[in-house]
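Comments concern the structure below.
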Amino acid sequence: MPTVKETFEAMAGRFRADKAAGTNATIQYDVSGDGGGTWHAVIKDGTCTVNPGAATSPTLTLQVAGQDWLDMLSGKQSGQMLFMSGKLKIKGDMGLAMKLGSMFQM
């Protein structure tokens with residue numbers, strides 16, 4: 001199983017530009033617990049770049065524990081269930097949060 005850091009390193013390669021048409025956004029990921037950290041993804045003009053650290057003014061911020069993040073990416077948990085149970089916190093553009101899953105190949 002990949003580490004949290006490895007999932008962010010691989011994220012740009014899993015980006016699906018066809019599903020992100022017209023999206024220009026900065027998404028910050030605050031991952032707590034073992035192997036956690038902060039990363040941000042910039043989606044602009046059909047490209048995605050992922051960098052460590054906080055974004056200046058993110059369009060969307062996701063807060064989640066490291067194990068929940070890994071479970072969500074592996075399909076053991078759904079983002080919706082994590083959100084409804086309070087394990088995934090979302091600040092900002094809810095519409096973008098709903099589209100996120102389709103923009104990245106799992």
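Nothing in this text is a laboratory measurement; each read-out follows from the coordinates by a stated rule. Only a predicted model underlies this, so the values are computations on that prediction, with no experimental measurement involved. Neighbour counts run over all protein chains shown; Cβ positions are idealised from the backbone, glycine included.
Laid out as a table, the results:
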item	result
Ranked Ser85, Ser32, criterion: other C-beta atoms within 10 Å, fewest first	Ser85, Ser32
Tilt relative to the chain, helix 94-103 - C-alpha long axis, 0 to 90 degrees, to 10	90 degrees
Within the chain, helix-based [θ] at 222 nm, where runs of 4 or more DSSP H residues each add -39,500 (n - 2.57), nearest 500	-8500 deg cm²/dmol
Within straight-line cross-link reach of Lys87, lysines at Cα separation under 16 Å, skipping those fewer than 8 residues along the same chain	Lys76
Candidates Met81, Met11, Met72, ranked by Gaussian network fluctuation over the chain, Cα under 10 Å, top entry	Met81
The chain: trypsin sites (Lys or Arg not before Pro) falling in loop per DSSP and having at most 16 other Cβ within 10 Å	Arg16, Lys76
Simple label model, 7 Å out from Cα along Cβ direction - Ser57 to Ala21, nm	2.9 nm
